[in-house]
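Here is the structure we will look at, set down as structure tokens.
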Ligand SMILES: C[S@@+](CC[C@H](N)C(=O)[O-])C[C@H]1O[C@@H](n2cnc3c(N)ncnc32)[C@H](O)[C@@H]1O
């Protein structure tokens, strides 16, 4: 272990290796590290030595060996001695696995020490040196390769050091902002016949990654969804495997939904919710603009997403969070609001409507029959035009509609398994044919019977996914 680290440091600093260490190159492979530790520990050590800011800036969170083994196995399957390139090699987790299949390895990283660590780890594991290159893989030309593997950096546009991503996206012909990881995917797809890269889950659904999905989609062989969180970085990942001979995919979010066990639903839509309702999302201006007028209990109830359960509004019964504060019953002083820029907005909200929560496991919504509540961003508002609000609620709480929503928009929410619909997606919700089942569901909801309504709506849509849906409810229909 220490010998390997010393080797890496020596390479970084251009020091000629003393005899004993130079001998490592001639040790029979695999070289045994003290305590039975494997060469991959060099990468772990290197990672642990990077400061937190550096780790974040470079997206340096290294990959568990079993994950690298799985992705590499798919990528090299059936190939004879392929050249395998990792353009962001980090501690070498992927190339160490690739070394089990081939001896033609290429390591690239922007961090010279990471390249040195990978080189040392591979030397220890195999007795051979890989081809190496220190450089920016989103700028420099990549060495030729048959297969590209790895875990490129996941960088957020919100973080200061990464604004250059925009320029790189343009350089690669991808319009607008695209996460660096997706740019690595694009570059890899153009560079090699086979690719296996870890990607942030957002690549599946983020609007900004749409150009990358469009180009890479026809090459997708599989999208692998890990069964556990892989990194301490607060980001969920998927493995994307590309193969020039693959059939490709059209709907990326469906793949994610399949992996999560979301049932496929075949809905024969009789129009959409947007054709029969006015649907709007709240804005930040409204969220912040309300602040001076919010007080406890006295006024129009302010309904946050957390207060909405399926068919139940918990305002006053459960605390709410608004403006970094905890409230028992947040309410808006309407008299005060009347002279503010939000007066018109509030007036439009104070009508009979349905409010829809966000970041939930199934769609959760409540009816405000009296038109007395104000939605708190990011709650969505649905004002029926030629439907009864209870009919609208029946649609939103229909089990097939939640399955549809997870397929449409899975991956957009903070948790990979939650629904976060935009107003546009709410408008596109398919409606069932008018009929007795839909009416029965609306009637059941008036009495608070969510399960009976769900069952009736399953019949209205001709799709039975009640079991899947009811297991995801925040309660099992037995409300107090
Ligand atoms: C998640 S780590 C890679 C981990 C490695 N693939 C593994 O599985 O062990 C991301 C790596 O990308 C490197 N990196 C960040 N930006 C890069 C760039 N523009 N070009 C090449 N490497 C980069 C970082 O230095 C870091 O080592």
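The values are calculated or read from the model by the stated rules, or taken from the named source; none is laboratory data. Fair warning: this is a prediction, and the values are worked out from it, not measured in the lab. Neighbour counts are summed over all protein chains in view; Cβ atoms, including those assigned to glycine, are modelled from backbone coordinates with ideal geometry.
Out of curiosity, is residue 400 crowded, with 19+ Cβ neighbours inside 10 Å and either under 27 Å from residue 434 (Cβ atoms) or in contact (Cβ under 8 Å) with a residue 24 or more places away in the chain (or both)?
On the way: crowded, with 19+ Cβ neighbours inside 10 Å: yes; either under 27 Å from residue 434 (Cβ atoms) or in contact (Cβ under 8 Å) with a residue 24 or more places away in the chain (or both): yes.
Criteria met by residue 400.
Taken across region 274-286, residues that are within 18 Å of residue 218 (Cα to Cα) and in contact (Cβ under 8 Å) with a residue 40 or more places away in the chain do not occur at all.
Here residue 154 meets the list (1) in contact with a strand residue (DSSP E or B) (Cβ under 6 Å, 6 or more places away or on another chain); (2) within 12 Å of the ligand (Cβ to nearest atom); (3) at pLDDT 95 or above almost entirely, failing just condition (3).
Report yes if residue 362 is surrounded by 15 or more Cβ atoms within 10 Å (Cβ to Cβ) and assigned to a strand (DSSP E or B), otherwise no. Here the answer is no, as residue 362 does not meet what is asked. More than 27 Å from the chain's Cα centre (by Cα), at positive phi and outside the structural domain of residue 251 (by TED's automatic domain parsing), is that true of residue 344? Judged against the criteria, residue 344 is not a match.
Matching residues to (1) surrounded by 21 or more Cβ atoms within 10 Å (Cβ to Cβ); (2) closer than 21 Å to residue 354 by Cα:
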position: 428; (1), (2): no, yes
position: 431; (1), (2): yes, yes
position: 438; (1), (2): yes, yes
position: 447; (1), (2): no, yes
position: 454; (1), (2): yes, yes
position: 457; (1), (2): yes, yes
position: 464; (1), (2): no, no
position: 469; (1), (2): yes, yes
position: 473; (1), (2): no, yes
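Among the residues of region 225-256, which ones are part of a strand (DSSP E or B) and either over 23 Å from residue 62 (Cα atoms) or within 13 Å of the chain's Cα centre (by Cα) (or both)?
Passing the criteria: 237, 238, 239, 243.
Residue by residue, here is whether (1) modelled with pLDDT under 95; (2) closer than 16 Å to residue 426 by Cβ holds:
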site: 242; (1), (2): no, no
site: 249; (1), (2): yes, no
site: 254; (1), (2): yes, no
site: 266; (1), (2): yes, no
site: 282; (1), (2): yes, yes
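Out of curiosity, is residue 316 at positive phi, in the same structural domain as residue 395 (by TED's automatic domain parsing) and modelled with pLDDT under 95?
On the way: at positive phi: yes; in the same structural domain as residue 395 (by TED's automatic domain parsing): yes; modelled with pLDDT under 95: no.
Taking the combined requirement at face value, the residue does not satisfy it.
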